[in-house]
1. Averaged per residue, what accessible area in Å² does segment 7-93 show with a 1.4 Å probe, protein chains only?
2. What distance in nm separates the simple spin-label points at SER13 and GLU110, each placed 7 Å from Cα in the Cβ direction?
3. Hey, what angle do you get for helix 118-127 against the long axis of the chain, alpha-carbon based, 0 to 90 degrees rounded to 10?
4. Give the ranking of SER31, SER191, SER214 by solvent-accessible surface, highest area first, calculated with a 1.4 Å probe.
5. Packing-wise, with mean Cβ within 10 Å as the measure, how do 101-109, 141-149, 176-184 rank, highest first?
6. Relative to the Cα centre, what is the charge dipole magnitude of segment 79-228, using +1 at the beta carbon of each Lys and Arg, -1 at the beta carbon of each Asp and Glu, and rounding to the nearest 20 debye?
7. Pick from PHE60, PHE88, PHE129: which is most flexible by mean-square fluctuation in a GNM of the chain where alpha carbon atoms under 10 Å apart are linked?
8. Net charge near GLN2: determine it from the other residues with C-beta under 13 Å of the C-beta of GLN2, scoring Lys and Arg +1 and Asp and Glu -1.
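The values are calculated or read from the model by the stated rules, or taken from the named source; none is laboratory data. Remember, it's a predicted structure, so these values are computed and weren't measured experimentally. FYI the Cβ positions are ideal-geometry reconstructions off the backbone, even for glycines, and counts take in every protein chain you see. The protein model used for the area step is the full one, side chains on, heavy atoms only, and it has no ligands, DNA or RNA in it. Shrake-Rupley method; radii C 1.70, N 1.55, O 1.52, S 1.80 Å.
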Amino acid sequence: MQPRLIVHGGAWSIPDERDDTHIKGVSRAISEVYPLLKKGLSAVDAVEKAVCVMEEDPIFDAGRGSVLNIDGEIEMDASIMDGKNLAFGAVAALQNILHPIKVAKLVMTETEHCLLVGTGAQKFAQAHFIPEVAPEELLTESELEFYRKVKEEKNYTTKIPFEPFPEGTVGAVALDIEGNLAAATSTGGTSRKIAGRVGDTPILGAGTFADNESGAASATGWGEAIMKSFLSKTACEC
Ligand code: GLY
């Protein structure tokens, strides 16, 4: 089977001057992971690795580069799904972790659950020796500048059409040489979200879906709309 790897770095409004950095970011994920997929890496491990590359890149709204919520804090969501057996793992409202996707994968492989949130997810990550980082390590200058600009705006809501920020959820879909599909998605969510807001990313069938029988998808965009249409599962069934 010829393996395939597709990644995305968000579908929000990306200012022209940031095109290059976005393209470099997604290209790096492909160039680091696709050779491994060709050598036999599983689809699940490939999507995790590709998302990790983009979580490290401050240009994306995931891991380092995540947007701030209304309280000036970063809360991140992530999920991963194995199309071979429909195994699914997700985390929501996770803080101070560079790679939420790794925690989501541990939820999938090490527990009987699908989704862990907030302090429970945090404790689970600690118990599995996932290192915590200082909040400043995830925060970029440009995000802080944007936050300062809009934080006094009364009744701030996500603007449609989107403003130049946030810069983009990340995701990956892979087909491995065994013919198995997998998908993974990671995000800091939407700018100025209410603390505790969870978007589409950790919701099975909305932000992420993979089933060898139908397809695999990772969504990006406005979570409140994506959830209502279970976009990833709907796309796989079309
Ligand atoms: N699609 C990412 C979010 O709305 O949280």
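1. Solvent-accessible surface per residue comes out at 38 Å².
2. Output for this residue pair reads 4.1 nm.
3. The two axes meet at around 50 degrees.
4. Solvent-accessible surface, decreasing: SER31, SER214, SER191.
5. Descending packing order for the listed peptides: 101-109, 176-184, 141-149.
6. Its charge dipole is roughly 500 debye.
7. Highest fluctuation among the options: PHE129.
8. Overall, the nearby charge balance is 0.
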